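A quick write-up on the structure given underneath.
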Amino acid sequence: MNDLPWYTVGDARILRIQDLTLAALSPEQLLPDWDEATALQIYPRLPETLDSSETKVLLSVHSWLIEDRGRKILIDTGAGNNKARPAALYFDHLQTVWLENLMRAGVSPEDIDFVLLTHLHVDHVGWNTRLQNGIWVPTFPNARYVFSRAEYDFFSNPAHDSVRNKTSFMTRIDSVDPIISADLADQIDVDGSEVLEGISFHPTPGHTPHHASLVLKSGMERALFTGDVMHHPIQVCIPEWSAVFDADPQIAIISRKWALNYAAEHTAAVFTSHFPMTSAGKVMTYDQGRGWSFL
């Protein structure tokens, strides 16, 4: 376990549990406002965030494992295995080693105390459940799964079952409903208050209508788990560039700026959901604006 890249925030330890890495979209496909000359000028490390051909963005899919105050906590659970995703083929019937990566860290599914979900998209809740004897059962039988009540209600309302949300409705059925049926779910109002000692959910809508980002306070230090407020480091420098996946791009910009301001003001370590490389970093403030530094 000592060879794994743990991060320390106060007394807490944090580790990325990798599910998969995608190289599916060009920068222009991911960020419709993309301008390569501007991006390269502002973020010279841009090529490091692309695949070997420098034509596709590398998007990591992973969870964050937190060990803090005697608790083992997961933030988001990746895409999961064996799940039918006909409208999102990059996540269709996957076979990844996410669970093995968790156990390589010395943690079994039974050890997890809490699963905290930023939102209910396909690549954030998939390992909530796993297939046993043809039935979707909770992967973490001793955990409380904590997520937004409003987010669940949105993806349960037939009026929202659109082309954009089709996969999310399928995801809810096999990855969230079994958690509720097992009486392991704590649905909360996202208002910035603590839901666990040292951990709070903050509203950052736009990517989904009720998306949340999480703050961990430990000692004098803070960590910010951004969920899908950002998909690429260039958005730290240019928060006005929203991702194609954002349901409401203008509201997403407001949430992104809030997250960046919070990280800068509190010197918080930032743990992202899709940045490549380490996926963790700091928001740096310069005379000419903000930048991203990987940890």
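The values are calculated or read from the model by the stated rules, or taken from the named source; none is laboratory data. All of these numbers come straight from a predicted model, not from anything done at the bench. Glycine also receives a Cβ, built like all others from the backbone with ideal geometry; neighbour counts cover every protein chain displayed. Ligands, DNA and RNA are stripped out before the accessible areas are found, and what is left, the full protein with its side chains, is counted by its heavy atoms. Shrake-Rupley method; radii C 1.70, N 1.55, O 1.52, S 1.80 Å.
Looking across 179, 173, 199, one residue alone is over 21 Å from residue 249 (Cα atoms), open to solvent by 30 Å² or more (accessible area, probe 1.4 Å) and β-branched (Val, Ile, Thr). It is 173. Meeting the requirement of 2 or more residues that are more than 28 Å from residue 190 (Cβ to Cβ), the helices (runs of 4 or more DSSP H) wholly within segment 51-156 are 98-104.
Is segment 246-260 home to any residue that is surrounded by 23 or more Cβ atoms within 10 Å (Cβ to Cβ) and touching an Asp or Glu at 6+ places or on another chain (Cβ under 7 Å)? Scanning segment 246-260 turns up at least one residue that is surrounded by 23 or more Cβ atoms within 10 Å (Cβ to Cβ) and touching an Asp or Glu at 6+ places or on another chain (Cβ under 7 Å). Put simply, of 272, 278, 267 the only residue that is over 19 Å from residue 202 (Cβ atoms) and of a type outside the set (Asp, Glu) is 278. Taken over segment 1-37, the criterion of being in contact (Cβ under 8 Å) with a residue 40 or more places away in the chain, open to solvent by 50 Å² or more (accessible area, probe 1.4 Å) and farther than 28 Å from residue 97 by Cβ is satisfied by 11, 32, 33. For segment 121-139, taking the residues that are under 18 Å from the mean Cα position of the chain (by Cα) and of a type outside the set (Val, Ile, Thr), the one that is farthest from residue 61 (Cα to Cα) is identified as 128. When you scan segment 38-62, how many residues do you find that are under 14 Å from the mean Cα position of the chain (by Cα) and either farther than 18 Å from residue 104 by Cα or surrounded by fewer than 23 Cβ atoms within 10 Å (Cβ to Cβ) (or both)? Of the residues in that region, 2 qualify.
Among the residues that make up segment 120-133, is at least one of them under 30 Å from residue 103 (Cα atoms) and among the basic types (Lys, Arg)? So far as segment 120-133 goes, yes, one or more of its residues are under 30 Å from residue 103 (Cα atoms) and among the basic types (Lys, Arg). In segment 233-242, is there at least one residue being open to solvent by 60 Å² or more (accessible area, probe 1.4 Å) and either within 20 Å of residue 66 (Cα to Cα) or within 16 Å of the chain's Cα centre (by Cα) (or both)? Checked segment 233-242: no residue is open to solvent by 60 Å² or more (accessible area, probe 1.4 Å) and either within 20 Å of residue 66 (Cα to Cα) or within 16 Å of the chain's Cα centre (by Cα) (or both).
Condition check for residue 114 on (1) within 22 Å of residue 182 (Cα to Cα); (2) open to solvent by less than 10 Å² (accessible area, probe 1.4 Å): one failure, at (2). When segment 202-217 is filtered for residues that are of a type in the set (A, V, I, L, M, F, W, C) and within 13 Å of residue 150 (Cα to Cα), only 212 remains.
Of everything in segment 161-170 that is assigned to a helix (DSSP H, G or I) and closer than 23 Å to residue 116 by Cβ, the residue that is most open to solvent (accessible area, probe 1.4 Å) is 170.
Using the structure shown, decide if residue 264 is over 25 Å from residue 165 (Cα atoms), in contact with a strand residue (DSSP E or B) (Cβ under 8 Å, 6 or more places away or on another chain) and surrounded by fewer than 19 Cβ atoms within 10 Å (Cβ to Cβ). Judged against the criteria, residue 264 is a match. Exactly one residue out of 188, 179 is closer than 28 Å to residue 10 by Cα and touching a strand residue (DSSP E or B) at 6+ places or on another chain (Cβ under 7 Å), and it is 188.
In segment 202-220, what residues are on the phi > 0 side of the Ramachandran plot and crowded, with 20+ Cβ neighbours inside 10 Å? Explain how you work it out, then say what you get.
Initially, segment 202-220 is screened for residues on the phi > 0 side of the Ramachandran plot, giving 206, 219.
Within segment 202-220, 206 is the sole residue that qualifies.
Taken together, 243, 264, 252 contain a single residue that is within 23 Å of residue 32 (Cα to Cα) and out of contact with any Leu (no Cβ under 9 Å at 6 or more places or on another chain), which is 252.
Looking for something open to solvent by 50 Å² or more (accessible area, probe 1.4 Å), among the charged types (D, E, K, R) and closer than 26 Å to residue 110 by Cα - is there at least one such residue anywhere in segment 141-156? Yes, that holds for at least one residue.
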